[in-house]
Each structure stands twice: as structure tokens, then as C-alpha cells.
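Taken together, the values in this text are just the output of simple stated rules run on the coordinates, not laboratory data. In this text, all values refer to a predicted model and were calculated from it rather than measured experimentally. Please note: Cβ atoms are built from the backbone with ideal geometry, for glycine as well, and neighbour counts cover all protein chains shown.
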Amino acid sequence: MDLSKLKKRPAYPFETIAVAVSFSPRCLPVLAEAKHISDALNAALLLIHIGEKTSEKEQLLDELMNKAGMDDSRYRVIWMEGEPVETILKLCKLNIVDLLILGALEKENVLKFYLGSIARTISRRAKCSVLLLTNPMEEPRRYKKIVVNGVENPKTIHTINTAFYFAKHLKSKDVVIVNEINVPGLAMAIADQSTIPEAKEIKKLLDDEIQETIQTIIGQCDIGDINLNSKSIKGKPGYAIRKYAKDRRADLLVINSPDTQLNFLDRIFTHDIEYILAHLPCNLLIVHSRV
Amino acid sequence: MVKLVHNDIIVLLASMGGILILARIFAELGKKIKMPIVMGEILLGIILGPTVFGSLFPDACAAILPKTGAVKIAMDGITSLSVVMLLFVAGMEVQLQVMLKQGKTAVYTSFTSMIIPFILGFAAVWFFPGFFVFTPDRRLVYALFFGIAMAVSALPVIIRIMMDLNLFKTKVGMVIIAAAIFDDLTGWIMFSFVLSLMGQEGEITSVWFTIGMILGFGLFMLIIGRYAINKALPWIQKNLSWPGGVLSISLGLCFLSAAFTEYIGLHAILGAFIVGIALGDSVHLQEREREIIHQFVTNVFAPLFFVSLGFKVNFIENFDWQLVLLVFFLAVGCKVFGASLGGYLGGLTKRESLAVGFGLNARGAMEIILGTLALNAGLIDSKMFVALVVMALITSMISGPLMKRFID
């Protein structure tokens, strides 16, 4: 494999998609969703199972693939033994996977969350985009409402474009770009020396700046016939958008991949993506833009 | 037992009423000429206190603001409450995550803007003790205090400057905010350590015990306490009157925590500051609730506290221009150099680094609170207190204009 192909590889199109196979009760719905997405995006699909290859498992996987309608050469199965997280990450890299699909619980128990479940650990560390499916269906539904995080970051333009690409191919209609406003110390500074009109003006200015930034980004994107909205919300980054996606019953939340290597401390002093991973509001697409 | 009699109650209430109204008038007048609110309040205290009114009409001044007796004790109680609440709201704005996620530039700037002024301030006292006044057995504590006094920043003043210069969303703005948060956090923890050390110099066991207590209390509150507050807040908001429920439970926790740290031998400010961080970090604390707590403390208790500073000392008698100049230039030099160096090493341009340095140079109310607590604890004399207040006020006023010069 030529690993140099990974460098500067654009966030989309998703040419190779991988799905982790765990033989859990949700395995079939996850496979069905993965097939639906790979068909819509015209991508090759890899099925990865980490564990011993036995004839029983092979037979079971054949049955599941048949039920999910995977019956041609576009679907390849990789069996490998090893530590699940490391092995999956390594396989994604070797196979130049653009999108890794995993089934995930909306909420892990506290201990598992802090210690790190497989799906969440992969989400923090993957060098490709990751789609966490919280409620996969054997008859995949449309991703009607998509919420995208429009945070000010060089990666965001790629994330928004990837969300549009995904939305167009999966026939989504509504996309909302959301930006969170959180300025530490603002309440204190306003309380100190602002009249009501001044305080309103300061808040309006912040809101306008964010809207301007979002509009600039949107201006560079190919929207097509998608119904696009933008919104700024107040609150802690990560938590505010999680709540927004949950309240609006979004089908998919799209965010940037983490900027730094996340560790245990980031879960203790929760911030940004960790708020979302702590309690997934809906399916989550983490876009790794490799910039 | 000292008791408030009929006349005392009248004097106390009239003084508080007069202070609050006059402080507001001074603050609003000061605002017109771009003067920080705190400066107007301190100026009023200087006029009403021994510096002006007390010199001209000593009897009248003593009748309105008695130096002994029940009214004095009551006023001292109110100012102690005020400082605890001020530290509580300062803690509410400390967001550790902001610092964690700003990356290399913020980490470098936070570290150097704290450590370089601290080391230089400490070294100034340690190697040139002749410039400072302290009892010989308190050299270490005094040096530690002076190092911290050189290192603190004032987040509210800095945020105000960011607002005026519209720098919130810029890299420079975010680096300054992250570093100010770090300086606040480390500065107040170190200062409560210094206050706890007073009277136990040389007792190594006590020093380690104090460090252990600070770390233990801090970690407990920031992990378990923070988690518990975050879980309890939605219940409080749903089941108790709003915003009264949140307000009374928040301040109740603040006082309990302050009482606990005072009880275990640490200073009350540490308890208030740390519980402020734990509450302010909660994702459930609504913006409106945060604003109400700030408004309550900033507009009722802060003026009482800052005006009362003027009653403590005669600012003219204790104005030692050599000490004022020394403290001012040392404070500005250390902070601007330390913060700019961090910014530059973290990848900012020279101009951006200097903007960061001058931005973090604003000391504001935080420095004044620090000086007051040290004066009350008998660690510094009135001359050093006046020098610190003057330095805090001037740095707050010059930070914005100087920063502007380096912002393209």
C-alpha cells in the first residue's frame, strides 16, 4: 500500500468505506446502513472483523451479508486478530479508508466512558472520517435533518463541504450550520460596566460576526438544492450543539475531528467533542480533513 | 459583647446607602472618560476616607465611618463577604478547557506570563530586600507574595479591552484570555498557599500539609464537587424558584466552601474561588443565571469593597513615589516581557507577541483584592498597598491603548 496517498487526501469523496463487524445483535442493521451509504456514495465497502476466523463466524457473516444485500465484489471482508482499536486503525490506514462506520450506544456507562469504549476511542484517534451509528435500521432511513458544526477552524470548510456531499448523495433536504458562542468572562465584563443597550450591542456584534463567518464559508460551498440554514447558539462548545441536535431531532450531527490528541483528562474536564461522545444525540459523522 | 445599638444601625445603613449611590455616580462619571469602574470606586473611598474628608473633618469622618466599635466590625464583615463573593465570581469565569484547547501558543504564553513575573518579583525581594519593608522572619512569604503580585492578571479588565478592540475571535484575543485564566487560577491558588504559610515559616511539615490540603481540596472540588453541582443544577432549576433557587444555592455553596477552607487552615478565598470554578463549569448554568450572579456581586458588594479600601489608609501620606515607580516598572516589565516571550516562542509575530504582553499587563481589581488581603493579613505595609493599587489602576488604563498600537 502506498501510504503517501493518505497525505493531503481530501476529506471527500469517500472512495473506500469500512465497517466494523462485531457479531452483536446490531450487526445486521449496521451492515445494512453501511451498504446503503456505500451504494449511495458509490464507494467500495470493507468489512473488518477483529477476532479469530472460524467457520461458524464465516457462515454467520455470509448470512448477515446476504440479508443486508451484499452480494457482489464491491464488498470485501478482512479478518484479523489483535487489539481491536489499534488493529482497526492500522487496517484503515493500510487500506486508505476514507470513512469508518461503527455502531455505538447513545450513552456508555460512566466507567466505560472514562476508560474508553472501542467506538469512542477510535473516534478520538482515527486518521479517517468516522460515522457512529446510534440507531441503525435494517431498512435504512433517510438522513433528513443534518446539523453541522460551523466552529471557526481551518478544518470547518472541509467539514461543511463533506456534509453537503453526504447530504446530496443521501438525498437529505435540511442542513443547519450551527456555531456556538462562548466567551469566558463576558458576563463579568458586561456586569461591570455596560448599560442594557450596550450589553445587547455587544451580544449582537458577536452574533453578527459569527453569521458573517458562516456566510463566507457557505459562499465557497456547492449547496445544490439543499435547504440550508445557519444558527448561532450560546453555550459551551460541544454541549450546546449536542443539545441543539437532540432538541431538533437531527438525524446526523457533523463535526470536525479533534485538533489534539485527546486523553483521560479531556474526559474529566469535558470539552468540545467529549461532550458529544459522552452522550450521542444522534448519528455522528466526525470529518477528518487531513489539513 | 459588642452589639449594634439604634444609632449604630442608622450609621451603618446610611453609610452603606451613601456609598452605593455615590459609588455609582463616580463610576458612571469615570466611564465617560474611559476610566475603569473600580477606579471611580477607589477614588470615592480616597475622598471619603482619611486621605481627604478625614483630614479636613476628622470628627465628622469618625462619626460616619467609625474606626472602632460595632459599626466598624459590621463593615469589616461586609467587606470580608464581598471579597469572598468577588473571588467566587472570578472563579466562575475560569474555564480550564479554554486553555487546554488553545494549543501551543496559549500554553507557552500562560506559562511564561505567570512564571517569569513570579520569579523576577520573588528575586527582587530576595536579592534586594532593602527596597521593601517586611519583618525579617517573613522574607520568604513576602517574596512569594510579591512574585504573585507581579504575576496576576485581571480577566474582567482584559475581556473589556477585547470587547473595545473587537479581538474576541482573533488568535491574539484567545491566547490572552486563555493565559489570563491560567494566571488567575495559579495566582489565587498560590496566594492562598502564601496566606496559609503565614505564621508557620520554617515548619516543613506544616508547609507540606498545607500544599496537600490545597491540592486535595482543589482536586476534590474540581472533580467530585464539579460533577455533583453539574448533576444537581437541573433539579434546582426545575424544582426551586427561578432565579432565586440557583442564586441562593450558589452563594450558599460559596460561603460553605469558603468556611470549610478557612476552617482547615487555608484562606476562605480559596474555597470561594474553587467552588466558583466548579459552578461556572456546569453546562447547565444558564447565561442569564450567570449574569444575575455577576450583577448581584459586581454592583452591590464590589462597590462596598472597593470604596472601603480608601478608608484603610491615607493615600497621600503613604504615597512613596520611589516605591510606586519601582512596583509599577517592575510589574509592567516582568509581565510584558514574560507574556510576549511566551507568545513569540509559541509562534506569534513580534507585534502580536507585544500585543499579548500589554493585554495581559492589566491587573485591575484582582491585584487590588490581592493587596487588600495581604494588608489585612499584616504581610505588607500601607505604602506597598498604595503602590500596588496605583500600579493596578494605571496598568488597567494603559493596557488597551498600548495593545492597540500593536494590533494591525
Between A:Lys246 and B:Ala14, the FRET efficiency computed from the C-beta separation at R0 = 45 Å comes out, to the nearest 0.05, as 0.25
Cross-link partners among lysines for B:Lys72, C-alpha distance below 30 Å, same-chain residues fewer than 8 apart left out?
-> B:Lys3, B:Lys312, B:Lys383
Of B:Val175, B:Val386, B:Val324, which is the most mobile in a GNM of chain B whose springs link Cα atoms less than 10 angstrom apart?
-> B:Val324
Where Rh is the Kirkwood radius over Cα pairs, Rg/Rh for the protein assembly as shown | 1.05
Evaluate 2.2 N^0.38 Å with N set to the residue count of region B:176-323, then give the Cα radius of gyration divided by it.
-> 1.23
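Cut-off is 10 Å between beta-carbons; in what order do A:Met80, B:Met384 appear when sorted fewest neighbours first? If you can, show how the numbers build up before the last one.
Numbers: A:Met80 15, B:Met384 25.
Listed from fewest to most nearby Cβ atoms, that is A:Met80, B:Met384.
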Of A:Lys234, A:Lys204, A:Lys35, which is the most mobile in a GNM of chain A whose springs link Cα atoms less than 10 angstrom apart?
-> A:Lys204
Subset of A:Lys107/B:Lys171; A:Lys53/A:Lys173; A:Lys234/B:Lys104 violating a 32 Å alpha-carbon distance limit | A:Lys107/B:Lys171; A:Lys53/A:Lys173
Pull out a ≥ b ≥ c, the square roots of the eigenvalues of the alpha-carbon gyration tensor of region A:67-158, then state rounded if a/c is under 1.5, prolate if not and a/b is larger than b/c, and oblate in the remaining case.
-> rounded
Given DSSP loops and a limit of at most 16 other Cβ atoms within 10 Å, what is the longest stretch of chain B that contains no such trypsin sites (Lys or Arg not before Pro)?
-> B:170-408
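With +1 on the Cβ of every Lys and Arg and -1 on the Cβ of every Asp and Glu, and nothing else charged, how large is the dipole of the protein assembly as shown about its Cα centre, in debye rounded to the nearest 20?
920
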Between region B:231-304 and region A:202-235, the alpha-carbon center distance in angstrom = 34
Taking every DSSP bridge whose two residues both lie in the protein assembly as shown, the antiparallel percent to the nearest 5 is 5
Highest-MSF residue in chain B out of B:Ala14, B:Ala180, B:Ala302 [GNM, Cα springs under 10 Å] | B:Ala14
For region B:27-94 and region B:357-408, compute the distance between their C-alpha centroids and round to whole Å.
-> 17
Assertion target for B:Leu48, B:Leu87, ordered by fewest C-beta neighbours within 10 angstrom first, is B:Leu48, B:Leu87
Label-point gap, in nm, between B:Phe220 and B:Phe57 - each point 7 angstrom along Cα→Cβ = 5.1
Going by a ≥ b ≥ c, the root eigenvalues of the Cα gyration tensor, does chain B fall in the rounded group (a/c under 1.5), the prolate group (a/b larger than b/c) or the oblate group?
-> rounded
Where in region A:25-132 are there GluC sites (Glu not before Pro) that are in a DSSP coil and have at most 15 other Cβ atoms within 10 angstrom of their Cβ?
-> A:Glu52, A:Glu81, A:Glu106
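What pairs in A:Lys8/A:Lys67; A:Lys203/B:Lys32; A:Lys7/B:Lys335; A:Lys90/A:Lys231; A:Lys145/A:Lys203 have C-alpha atoms more than 31 Å from each other?
From the list (A:Lys8/A:Lys67; A:Lys203/B:Lys32; A:Lys7/B:Lys335; A:Lys90/A:Lys231; A:Lys145/A:Lys203), the Cα-Cα distance tops 31 Å for A:Lys8/A:Lys67; A:Lys7/B:Lys335; A:Lys90/A:Lys231.
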Helical mean residue ellipticity (222 nm; -39500 (n - 2.57) per DSSP H run of 4+; nearest 500) of chain B | -25000 deg cm²/dmol
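Go ahead and run the numbers for FRET between B:Trp208 and B:Phe131, Cβ-Cβ distance against an R0 of 35 Å, rounding to 0.05.
The value I calculate is 0.65.
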Rank these for me by crowding, B:Ile33, B:Ile181, going from fewest to most other beta carbons within 10 Å.
-> B:Ile33, B:Ile181
